[in-house]
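Below you'll find the structure, written out as structure tokens, and then a few comments.
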Amino acid sequence: MLGSGLALAACGPKANSQPAGGPVAPLKSLAPFPIGTCVRANLLEDPSYAALVSEHFSQLTAEWEMKMEYTVLDDGRFRFDRPDAIAAFARSRGMRLFGHTLIWYAQEPPAFVNLDEQRASFARAYDNYITAFVGRYRGQASGWDVINEPIKDDGSGLREHLWSRRLGEIDHMVRAFHVAKAADPDAVLLINDYNLESNPAKLAQYQRLIERLLKAGAPISGIGCQTHCNADLPAGALTRTIEALARFGLKIHVSEMDVSIVRAGGWFVSREEKEAAQTRLYAEAMSAFAALPERQQFAFTVWGVRDPESWLVKENGSDTPLLFDGAGRAKPALRAVEAALRR
Ligand code: 9MR
């Protein structure tokens, strides 16, 4: 007994010899599916950022520069320069490009608002936009968020906006899917929304919408689950949501994952406990995604690389929702994702 006890003691330090901040394997090398992140064109010019992105990720989404707020000028012309720069970066590093996003209630560019009310001309401009962008990245973009965030926040129904008012609540969506399909028959065409894991009414409404779109013949081939969550999300919610969405048999995209520390409730819970919960949630999401049938694994995307660049930090400077800290060092959440991929 004494002998084995001593032997164990001798093994201890060796087994733990990897320092907590030691190297991690490139995430993309561990995953049989694409690992994505969102990027901004100017950040890609920072060599340390570009190196980190290239090391770990295999798919890039433009964080905002492929949205109408950037791509449609007031006079109706399209801007392709920054989308092209992001696409070129992805191509040069052998990564996939993901298109985000074509039709989004939050983006109603003046050039479209000011179009005369005649249905025909509005519809032509709508089709033209989708065709121009999907067509331009045909063969490079693995897929597109065709419709983004269609469900009302309280889960009571579909949002109303410029696109639905002019082209119909469901019809504008069905139309967008058909036009995108014609522009790139090989791209995976997705719908995408958030708070699905935290709001059962919203998830149910999202599922109903997907059924309606399928019934209406829309060529929808993937479902995005943004996965912007807070560290106080109960364990199990992410797994249940990913499994529920996977029942359609379509491809699944964990499309914008981050885990807010400061939005998590419970003032009596320490920051360390919230960070531990964040780590567990990242691991849970990755395990649930990795457990899907291979043909349904579109990609697992996190919404940013280093903490200070997250959109959540603009809202609250002390949030740390991502996998890397400001110096580009791996956080415990990254190590947990790595461990989940190795299982
Ligand atoms: O992170 C994005 C932020 O930098 C942009 O200013 C904003 C508006 O374009 O969009 C943010 O990304 C959103 C994504 O496109 C859709 N789901 C919610 C994301 C966070 O708001």
Extension gain (nm, one decimal) between Ala204 and Ser318, 0.36 nm per residue minus Cα-Cα: 37.7 nm
Helix-only [θ]222 nm of the chain, DSSP H runs n ≥ 4, -39500 (n - 2.57) each, per residue, nearest 500: -13000 deg cm²/dmol
Could you give the nm distance between label points at Glu55 and Ala120, where each point is 7 Å from its Cα heading toward the beta carbon? 5.9
Considering only protein heavy atoms and a probe of 1.4 Å, how much of the accessible area of the stretch 288-340 is carbon and sulfur, as a whole percent? 53
Calculated FRET value between Arg271 and Ser156, using beta carbons and R₀ = 30 Å, to 0.05: 0.30
For the stretch 89-136, take the convex hull of the Cα atoms, compute a quarter of its surface area, and give me that in nm², please. 4.3
Measuring with a 1.4 Å probe in the full set of protein chains, what accessible area per residue, in whole Å², belongs to the stretch 218-343? 40
How far apart, in nm, are two points set 7 Å out from the Cα along the Cα-to-Cβ line at Arg91 and at Ser48? 3.0
Using a 1.4 angstrom probe on heavy atoms only, work out the carbon and sulfur share of the accessible area of the stretch 198-275 in %. 54
Listed here are the pairs Lys202/Lys331; Lys274/Lys331; Lys67/Lys215; Lys67/Lys314; Lys28/Lys274; Lys28/Lys202; which of them are more than 24 Å apart at the Cα? Lys202/Lys331; Lys67/Lys215; Lys28/Lys274; Lys28/Lys202
As straight-line cross-link partners of Lys251, the qualifying lysines (C-alpha separation under 16 Å, not fewer than 8 residues apart within one chain) are Lys181
Where Lys and Arg each count +1 and Asp and Glu each count -1, what net charge lies around Asp184 among other residues with Cβ under 12 Å from its Cβ? +2
With the cut-off at 36 Å, report for the chain the share of all Cα pairs above it, as a whole percent. 22
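The values are calculated or read from the model by the stated rules, or taken from the named source; none is laboratory data. Please read all numbers here as calculations on a predicted model, not as lab measurements. All Cβ positions, glycine included, derive from the backbone under ideal geometry; neighbour counts span all protein chains shown. What goes into the accessible areas is simple: the full protein's heavy atoms, side chains included, and nothing from ligands, DNA or RNA. Shrake-Rupley method; radii C 1.70, N 1.55, O 1.52, S 1.80 Å.
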